[in-house]
Every structure is written in structure tokens, then in C-alpha cells.
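**Q** Below: one structure in C-alpha cells.
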Amino acid sequence: MLRILDRLEEWLVASLMAAATVVIFVAVVHRYASALPIPGLQDWLLRINLSWAQELCIYLFIWMAKFGAAYGVRTGIHVGVDVLINRLPARVRAKFIVFGLLAGALFTGIIGTLGATFVWDGKSAAGTPMTEGTYTLRVTAKDSQGTVAHGSSLMEFEVVELVAPRS
């Protein structure tokens, strides 16, 4: 089961990155090609509306960053400052590493829970409804912020998997 999750994470991050790259590439080519003074081509390109491309890429990159962070925790490539930790004796170092992982699990658990509550209730921390849509894609904050709950929960799972003894 965990092997399937590993491959799913890799596939998801790669797919999000590829989709964002393609969308931005098409939008840039469209922008520059529509400025060419070729009457038929310019008229056709100006009728194509790609104003949504930037907003879509923002969402794709947010999802990619959250799932990429979980992937980084699982593979051990997540950013960490361990200069002082590496100078400690092995037994003390191990305790600090476990403490850091547990603190990370607590943090991602809190963020995941708050994100899930926000998405479930559809209200901000102040209690105001988050139903207004974005300008181009008309995505509500409730729908677009699901990445916080999903990504943080997956990251917490990866941290707990590192700390928990394997059977």
C-alpha cells in the first residue's frame, strides 16, 4: 500500500509540474504570437482568451509545493538545518531528530486540521463565508484551499511514518 502511495506522490508532483509548464508555455506563445502583424493569425489568436492561465498555474504550483514537501519528507530531501545536530553525540542527536520529527508532525497536524475545518465549514477564521469566486476561474476559496488540508495531512503521514517503528 505504501509503495502505491509513493508512486502516486511522484506521479502527482510530476503531472502538476508538467501541466503548469504546458499551460505557461501555451500562454507565452499565445501572447507573443498574437502580437505578430499577420492579419488572419492575429485576429484568430486575439479571440482566444487565456486570461485564466496564470491563475491556474498558481493553483497548480501550490498543490505541487504541498505534495512536493510531503515527497521531500519521505525521501529525506526536505530542507533542514542540521549543522549543530550533526555535532552532537549519536544518542543525543537521535533524540533531537525524533523531537524535530514529532514537532513537525504536530505542526502539520494542526495545519491540516485547520485547513480541513476551513474547507469543511467554508468560513474564514473570523467566521465570514468564503464563497466569493476568483476573478477568472470563479473558484471559491473553499474549493481552492483544499491543498492545505490534503498536503499537510499527507506530510504529517510521511513524518509519522518516519518516526513510527516498522513491523
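The values are calculated or read from the model by the stated rules, or taken from the named source; none is laboratory data. Here the structure is a predicted model, which means the values were calculated and not measured. Backbone-built Cβ (ideal geometry, glycine too); neighbour counts: all protein chains shown.
**Q** Would it be correct to say that ALA14 is free of Cβ contacts under 8 Å to residues at least 24 places away in the same chain and in a loop (DSSP other than H, G, I, E, B)?
**A** no
**Q** Let me ask another. Kindly indicate whether any position in the stretch 55-62 is closer than 25 Å to LEU5 by Cβ, under 22 Å from the mean Cα position of the chain (by Cα), among the β-branched types (Val, Ile, Thr) and part of a helix (DSSP H, G or I).
**A** yes
**Q** Another one. Suppose we filter the stretch 56-74 for residues that are over 14 Å from LEU16 (Cα atoms) and at pLDDT 90 or above; how many remain?
**A** First pass over the stretch 56-74, keeping only residues over 14 Å from LEU16 (Cα atoms): 70, 72-74.
The next check asks that each one be at pLDDT 90 or above; those that pass are none.
The qualifying residues number 0.
**Q** Check LEU36 against each of (1) closer than 19 Å to VAL148 by Cα; (2) in a loop (DSSP other than H, G, I, E, B) and name the one condition it does not meet.
**A** Going through the list (1) closer than 19 Å to VAL148 by Cα; (2) in a loop (DSSP other than H, G, I, E, B), LEU36 breaks only (1).
**Q** Quick one: how many residues across the stretch 43-77 are without any contact (Cβ under 8 Å) to a residue 60 or more places away in the chain and in contact with a Ser or Thr (Cβ under 6 Å, 6 or more places away or on another chain)?
**A** The total comes to 2.
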